[in-house]
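The values are calculated or read from the model by the stated rules, or taken from the named source; none is laboratory data. It should be emphasised that the depicted structure is a prediction, and the values quoted were computed from it without experimental measurement. Here Cβ is always computed from backbone atoms with ideal geometry, including for glycine, and neighbour counts include all displayed protein chains. Each accessible area value is taken on the protein alone, full model and side chains, heavy atoms only, with ligands, DNA and RNA left out. Shrake-Rupley method; radii C 1.70, N 1.55, O 1.52, S 1.80 Å.
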Amino acid sequence: MESNTPNPEELTSKIVEIKNLLEEEEEEEFHHLNNPADGIKPIIKKYLGIPNHADQIGNKFYFTDGDAKVEVVVVTDEIIRVRLAPHSVFLEEFSYAVPTLEHKAAAFTLYEDDNEFRVATKSINCHIRKKDFFISFSDSNNHVTSSDAVPMHWEENVQFGGYYVFCTKTCAKDESFFGLGDKPTELNLRGKRLKNWNTDAYSFAWNQDPLYRSIPFYISVNEGIAHGIFFDNTFKAHFDFGAEDKTKTSFWADGGELQYYYIHGPHMMDVVKSYHLLTGTHPMPPLWALGYHQCRWSYYPEAKVRKIARGFRENKIPCDGIYLDIDYMDGYRCFTWNKKYFPDPKKMISELAADGFKTVVIIDPGIRVDDNYWVFKEGKENRYFCRRSDDYFMEGHVWPGRCQFPDFTNPEVREWWGGLFEELVEMGVAGVWNDMNEPAVFGAGTFPDDVRHQYDGHRGSHRKAHNVYGMQMVRSTYEGLRKIMKNKRPFTITRAGYSGVQRYSSAWTGDNVASWEHLKLGNIQCQRMSVSGIPFCGTDIGGFSGEPDGELFTRWIQLGTFSPFMRAHSAGDTKEREPWSFGEPFTEINRKFIELRYRLIPYLYSTFWEHHRYGFPILRPVVMHEQDVLLNHFRQDEFTYGDKILVCPVMEPGQIKRNVYLPKGKWFNYWTFEVLEGGKEVTVDTPLQTMPLFVKAGSVIPEYPVMQYTGEKEIEEVKLNVYYTDYEVNSFLFEDYGETFAYEQDIYLEKKFVVNGNSRKLTIGQSMEGLYTPRYEGYHFNIIGLPFKPHKIVVDGKTVTAFTTNADGTMEFKYSKKFKQIEIGK
Ligand code: MIG
């Protein structure tokens, strides 16, 4: 590094000298006051001063104004982390969100000139302005994407110690904001002020804030360029996207460190992928978890559970998962059974399993204070429960009555809790549902601030641990199950979470309401969670509280068919809520869509793999496809499921038509095969029997035969729906055992299809990678949209004569799964 500034040590000692002088003077003034408190300086916000010095230790750069220090870490070519230490002492490195900070940047350099210090990677620059310590970021074209509007600042917190920490950046005129988890508001967060503090929000309303999750990650799109900010701070945190002052974007927290990652795009997809690089992705779910799930508060006794299960098979509506809500327990004591309602749970679960149902049970964090209850006794003896500042145990009321709560931020407690699932797994339970883990407490809402947490050795109060409590609970659940189930994939679902929760669990949006407004909200929330790093998400289909009519329920089933997680759920004081509860024509339509869900399972599973392996979200809002079109920043109805199927749920009663925006390119109407040119809105008929669905030209959409549950029958062939294109399009199919972790040892198959065509022919190429061999032998091709009458099929040099052409213009034939190149000609 080149430098012509004065020797830093000299400078620092000068500053210290001046400071001492100033302080001495103050002391002089202080002496003979009767009330010495008069002389105490008020607490004011402090701002970074003038950076006078830069230091480098490997990929870490330090800048100081003589008192406060700023650390700039080069994480990758696209990610830079900034930290502030008000008096030069950084907190120990620890994050539940980022388990290991990768250092992958190939090359980086520190530059200095009269105006600034600049840390540069191949793709981005972090500028530290000498005049005022403003920090800004630019890309390799010198385009500034993010810059401070005031220097980073802080304010001492007298009550708890530490600081409130603040960062304020400029907000451009047409800048849009996305992300932040489950906020129940417009997809574009521009103009909103929002808070992160996990909250049990029964029957939440539009714009209610905060809800169940804290995901301090947002994506900005401005002038067609995207970047992300991940403010990794677990304290109560606040975001203002041009709400108070339309020229400023701020984020701040009630404690902890001002620490954020700047994540460069330029595409929203790049930002999301980089965010997943930091916080991890969702493991592959067991295949059955992608099926339809039926839940209710609660199905009991056993006879009722069996009746519901039978209802599915009798009505021929596919279903894989059935849930037991809190009433299966003995007095709501976790890990126990109400023997009156469920005299022989193991027998019931195994008989359900024989009929294709996986049983998922709810487990809450509150443990009943009861010396005759083994879980409480073990927790008490080992001091596993949370305690208040004066060492009293934290007690609060939840479903079981008076409860204590395990400190899931303690690794020893997590280990113990994980082991408690042994008996449930032995009985055949396949999945666990963690509820009330914000944590929720009746009356008080949550724990008092003074509750202490072990925080993996980095101790803190509930102010610091609140937002991660639920995530650590489901982590303990997932890790415990994984150990007990050996090589089988556990299924977990959680209500609360913090960034990184996706490494351990799926999520649902909590206690929504049976209303059309909530259907809209659910659509937005699923898209938002998807771009915020929570890929496996869904809503309570039908609405948790209140009564949907048949139409609303069916429209919700349609949305749910294209939610990564598909589960109907309802509160105990509502009418029966199964897919056949509303009579015809609803039952038939619900069946048709749930069947569609099952046919598309190989497609969804492949999309899940793209998420797990590469960090792509499963749902992608339109803006993610075309972020350079400003109008798209405000579209929140349409999204794609994976990258091939565009979905637009119908969210108004009695709607028989609606407009749908199609991104550029050619799209097939899924129902009619009509080809439409994208880049504009089209009007689509929306009778209750259908919903707007479009498939991108050139796609290969794999399909399984409809089954009543995943794995009901051996797959004998896979149907490949191939949509004609006149430009090259790639599609992927991922296959593996579906329920083990063998994929971690590369036992899987990733197939790639390349489709291209012109007015005389269509070609389909296949290549594959991986070590897995599926049992089926052949493909059943269904070719859609050929612009010519096909006469000839040549596969790997051989002519295939057996094919059929149908009245709707499609053509079908079968061939071995091993093909390499197919040519269909005129
Ligand atoms: O205080 O377990 O969001 O899905 O059915 C209510 C009973 C507790 C809230 C969950 C809901 C669940 C319910 N629970």
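Within region 495-524, the residues that satisfy the criterion of being under 19 Å from residue 557 (Cβ atoms), away from the ligand (no atom under 16 Å from the Cβ) and open to solvent by 20 Å² or more (accessible area, probe 1.4 Å) are 515, 516, 517, 520.
Across region 55-79, the qualifying residues are those that are assigned to a strand (DSSP E or B) and more than 21 Å from residue 167 (Cβ to Cβ), and the one among them that is farthest from the chain's Cα centre (by Cα) is 55. The set of residues in region 390-417 being open to solvent by 60 Å² or more (accessible area, probe 1.4 Å) and over 17 Å from residue 368 (Cβ atoms) consists of 390, 391, 392, 412, 415. Answer yes or no: is there a residue in region 709-716 that is outside any loop (DSSP other than H, G, I, E, B), under 29 Å from residue 312 (Cα atoms) and under 25 Å from the mean Cα position of the chain (by Cα). No, every residue in region 709-716 fails to be outside any loop (DSSP other than H, G, I, E, B), under 29 Å from residue 312 (Cα atoms) and under 25 Å from the mean Cα position of the chain (by Cα). Applying a threshold of 7 Å to beta carbon distances and a minimum spacing of six or more residues, or different chains, the list of pairs starting in region 553-572 at a residue that is open to solvent by less than 10 Å² (accessible area, probe 1.4 Å) and ending at one that is hydroxyl-bearing (Ser, Thr, Tyr) reads 562/641; 563/539; 565/506; 566/292; 571/545.
Scanning region 193-222 for residues that are part of a loop (DSSP other than H, G, I, E, B), open to solvent by 40 Å² or more (accessible area, probe 1.4 Å) and free of Cβ contacts under 8 Å to residues at least 60 places away in the same chain turns up 205, 207, 208, 209. Note on region 729-761: among residues that are in a loop (DSSP other than H, G, I, E, B) and touching a Lys or Arg at 6+ places or on another chain (Cβ under 9 Å), the one that is most open to solvent (accessible area, probe 1.4 Å) is 760. Screening residue 492 on (1) open to solvent by less than 10 Å² (accessible area, probe 1.4 Å); (2) within 24 Å of residue 237 (Cα to Cα); (3) outside any helix (DSSP H, G or I); (4) within 16 Å of the ligand (Cβ to nearest atom) shows it passes everything except condition (2). Within region 201-223, the residues that satisfy the criterion of being within 16 Å of the ligand (Cβ to nearest atom) and in contact with a strand residue (DSSP E or B) (Cβ under 7 Å, 6 or more places away or on another chain) are 203, 210, 213. How do the pairs read when you match residues in region 277-298 that are over 14 Å from residue 564 (Cα atoms) and part of a loop (DSSP other than H, G, I, E, B) with residues anywhere that are open to solvent by 10 Å² or more (accessible area, probe 1.4 Å) and more than 16 Å from the ligand (Cβ to nearest atom), using Cβ under 6 Å and keeping only pairs 6 or more apart or on different chains? Going by the 6 Å Cβ cut-off, the qualifying pairs are 280/503; 281/612. Of (1) open to solvent by 60 Å² or more (accessible area, probe 1.4 Å); (2) touching a residue at least 60 places away in the same chain (Cβ under 8 Å); (3) farther than 24 Å from residue 319 by Cα, residue 764 satisfies all except one. Which? Tallying (1) open to solvent by 60 Å² or more (accessible area, probe 1.4 Å); (2) touching a residue at least 60 places away in the same chain (Cβ under 8 Å); (3) farther than 24 Å from residue 319 by Cα, residue 764 fails exactly one: (1).
Name every residue in region 582-592 that is in contact with a Ser or Thr (Cβ under 7 Å, 6 or more places away or on another chain) and surrounded by fewer than 23 Cβ atoms within 10 Å (Cβ to Cβ), in order of residue number. I'd like the intermediate steps shown before the answer.
Initially, region 582-592 is screened for residues in contact with a Ser or Thr (Cβ under 7 Å, 6 or more places away or on another chain), giving 586, 589-590.
Residue satisfying the conditions is 586 alone.
With respect to residue 347, determine if the residue is part of a loop (DSSP other than H, G, I, E, B), more than 21 Å from residue 404 (Cα to Cα) and of a type outside the set (A, V, I, L, M, F, W, C). No: the conditions fail for residue 347. Across region 100-133, the number of residues qualifying as within 20 Å of residue 149 (Cα to Cα) and either modelled with pLDDT under 95 or part of a strand (DSSP E or B) (or both) comes to 10. When every residue of region 300-314 is checked against the conditions, at least one turns out to be among the hydroxyl-bearing types (Ser, Thr, Tyr) and within 16 Å of the ligand (Cβ to nearest atom).
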